[in-house]
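Peer 1: Following this message is one structure expressed as structure tokens.
The values are calculated or read from the model by the stated rules, or taken from the named source; none is laboratory data. Predicted, not measured: the structure shown is a model, and the values here were computed from it. Note: accessible area is taken over every heavy atom of the protein model, side chains too, but ligands, DNA and RNA are not part of it. Shrake-Rupley method; radii C 1.70, N 1.55, O 1.52, S 1.80 Å.
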Amino acid sequence: MMPRKKLEYYAKQNGIEDFVKIRLTEDECAKICEAIGIKAYGLKDCGGSVSMLIDRVMDDEGFKAANTKAGMPDDYNIARMPDYAAIAVFKALAAIRKA
């Protein structure tokens, strides 16, 4: 799990305030996962929590494969995966909420 300050930072970059209060619906979870290009995670996987969905995304093998930087040490890729996941989820959430 990422520190809350970092999550708030990434949320605000995408115009999302108080992400902790957001409860995702099953449909929103599916749309976010589709936008990111990973298998669909639902409410049973994340409980409607944005931060839990980010955890599921960063652990997804397809997401890891797509976001691993070639030529970089494994430690670097592992350390950056939560950031990549948070950026992707908040960007997709912002697009869904604006539509």
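Peer 1: Just one of (i) 17.8; (ii) 13.5; (iii) 15.9 is Kirkwood radius over Cα pairs in Å as worked out from the coordinates here. Which one is it?
Peer 2: Computed from the coordinates, Kirkwood radius over Cα pairs in Å corresponds to (ii).
Peer 1: Keeping the other protein chains in place, figure out the carbon and sulfur percent of the accessible area of the chain, with a 1.4 Å probe. Write down the numbers at each step before the final one.
Peer 2: On the way: 3150 of 5870 Å².
Answer for the chain is 54 percent, counting heavy atoms of protein chains only.
Peer 1: Would you grab the residues whose amide H sits under 5 Å from the one on residue 49? Only those 5+ places off in sequence or on another chain, please, with H modelled 1.01 Å from N.
Peer 2: Amide H neighbours of residue 49: 24.
Peer 1: If you count only protein heavy atoms with a 1.4 Å probe, what accessible area per residue comes out for the chain, rounded to a whole Å²?
Peer 2: Values: 5870 Å² over 99 residues.
Normalised by residue count, the accessible surface of the chain is 59 Å².
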